[in-house]
Amino acid sequence: MKVLIVEDEDAIAEPLREGLRREGFDVDRAATGAEALAAGAADVVLLDLRLPDVDGLTVCGELRKRSNVPIIVVSARSEEADRVIGLELGADDYVVKPFSPKELVARIRAVLRRSESARADGPDVLRAGEVEVDVRRMRVSVAGKPAELTPTEFQLLAALIREPGRVFTRSQLLDAVHGVAIESYERAIDAHVKNVRKKIEPVPGAPRYLLTVYGVGYRFADA
């Protein structure tokens, strides 16, 4: 699996590159946002937010427009607002510096597993109303029109649509998306739900499919 590190500081990037290589990853590095956007295909992107030429959030948004490659933001910005903005722009996870190398490797492996685990369980095609989820091919369509979801968004939607009407707490959805071994926070689910709604709802502000259960979590509308 190829990892692209987007980090301008050698003191951070080089030890990280060597550590990931020891874990069996093929690693490329980009020192600027421009280099990141010009880089070749990768299986996962580790993205710093403080880059010398352009803000990392801008790079995150542009990468997400181009593909569904998993993106893990790795940043010293620890404020919740920065985390939520990163996730709403399409990042799959957010790790705050300084981080444990073992934690970062675990998060990389988790984000790479999401697409595989989303394919593994249950029937090949899930349908509820006009929403169709092809689990094996990781494709989503609404009323016959394709919707492009990231691996994290796909797994979130698949978990919900497998049991229309069931109310999932944010904690349960975190388990479905990240796995119980990965520490995260519940606001991440709200950001991912917001992104999924933008892609599958006719009117995201008045959702038809992915419904909020206030004080509890979310459910997919009954078929």
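The values are calculated or read from the model by the stated rules, or taken from the named source; none is laboratory data. Values in this document were obtained by computation on a predicted structure and should not be read as measured data. Quick reminder, even Gly has a Cβ in these numbers, built from the backbone with ideal geometry, and neighbours come from all protein chains shown.
Once region 138-166 is narrowed to residues that are part of a loop (DSSP other than H, G, I, E, B) and among the small types (Gly, Ala, Ser), the residue that is surrounded by the most Cβ atoms within 10 Å (Cβ to Cβ) is GLY165.
Which residue is nearest to ALA159 (Cα to Cα), if the candidates are limited to region 90-111 and must be of a type in the set (A, V, I, L, M, F, W, C) and within 10 Å of the chain's Cα centre (by Cα)? Here the answer is VAL111.
Filter region 172-190 down to the residues that are modelled with pLDDT under 80 and closer than 16 Å to THR212 by Cα and list them by number. Listed by number, the residues that qualify are GLU186, ARG187.
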